[in-house]
Amino acid sequence: MIFTINRINTMKKYILLYLLFLFPIISSNADIIDDLIQSRSFYEWVLPFTFIIDDNNNFVVFFEGSGNYPSIMAYRFDNNILRFIIKKTYIGQEEPYPGELFESKYYLMEIKKENGEIKINCNIIKTLNLNNFIITKGHIIDNNVNIRLSPSTSGQRYSRQLSYNDNVKVISYQNYSRVNDMFDYWYGIEIDNKTLWIYGYFCHFVSELSIEDVRNKN
């Protein structure tokens, strides 16, 4: 059978349309990312923290005030929805024990398009679930942070400690619990080719994340 150039080009068009029909998520994923980049707007959402897209195409989270420290713990991009886990540590007060308590809370934030408009939803997470999320780089915010063999203050201490600004790779989490005046999960970290544990309060994550990194790693 002999195909003319015109017939071949027509077949290519049908094949392209067929592939787009089979894989709509690929094109729709590009839609919201491209919309955010091409708009070149200063998006700002005021939630329990401030979340913006800056002029350098970064997602940025911060809090205008003292005693609150939000960071982007994890992210996910699929089905044309951007999802972020925001960790926020703040000074609170608990009755009947007046005083300063350092409590970490976690929020699920979703950015998606509805009827051609970009919408955002943000809700506090009662039970953290990071399945299918990419966890960002963690860093230590104090000195002499103990590493333990199990997720508990009664767990045996490892042979060394972590220091301020040390980077850690968080791979799991367990047991939201109180330690002294703090509330947080225990984080499993990869260190010395082992899975060991630190108390999560002493670990924060990134405050900004490149849009391109989010696009390319999913």
Quick one: which of S207, S152 is farther than 30 Å from I37 by Cα and of a type in the set (G, A, S)?
S152
Right, I81: buried (at least 22 other Cβ atoms within 10 Å of the Cβ), of a type in the set (V, I, T) and at pLDDT 85 or above or not?
no
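Please find, within segment 59-78, the residue that is surrounded by the most Cβ atoms within 10 Å (Cβ to Cβ) out of those that are among the hydrophobic types (A, V, I, L, M, F, W, C) and assigned to a strand (DSSP E or B). Before you say what the answer is, go through the steps one by one.
Here is the first cut: in segment 59-78, the residues among the hydrophobic types (A, V, I, L, M, F, W, C) are 59-63, 72-74, 77.
From what is left, the residues that are assigned to a strand (DSSP E or B) are 59-62, 72-74, 77.
On the way: F59: 24, V60: 16, V61: 25, F62: 15, I72: 23, M73: 27, A74: 20, F77: 20.
Of everything passing the filter in segment 59-78, M73 is surrounded by the most Cβ atoms within 10 Å (Cβ to Cβ).
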Over segment 132-158, the set of residues in a strand (DSSP E or B) and closer than 13 Å to I85 by Cβ is I134, I135, G138
Mind listing just one residue for me: the one in segment 132-151 that is in contact (Cβ under 8 Å) with a residue 24 or more places away in the chain and polar (S, T, N, Q) and, of those, surrounded by the fewest Cβ atoms within 10 Å (Cβ to Cβ)?
N132
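Which ranges mark the strands (runs of 3 or more DSSP E) fully within segment 159-218 that have 1 or more residues being more than 19 Å from S104 (Cα to Cα) and among the β-branched types (V, I, T)? Outline the logic, then answer.
Values: elements: 170-179, 182-191, 194-199, 208-210.
Passing ranges, in order: 182-191, 194-199.
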Residue by residue through segment 98-131, note down the ones that are surrounded by fewer than 14 Cβ atoms within 10 Å (Cβ to Cβ), in a strand (DSSP E or B) and of a type in the set (D, E, K, R).
E100, E114, E117, K119
Scan segment 164-182 residue by residue and report those that are β-branched (V, I, T) and more than 25 Å from Y75 (Cα to Cα).
V179
In segment 156-185, what residues are of a type in the set (S, T, N, Q), over 27 Å from F133 (Cα atoms) and surrounded by 12 or more Cβ atoms within 10 Å (Cβ to Cβ)?
Q161
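The values are calculated or read from the model by the stated rules, or taken from the named source; none is laboratory data. The structure displayed is predicted, hence computed values, not measured ones. Counting neighbours? That spans all protein chains shown, and the Cβs are built from the backbone with ideal geometry, glycine included.
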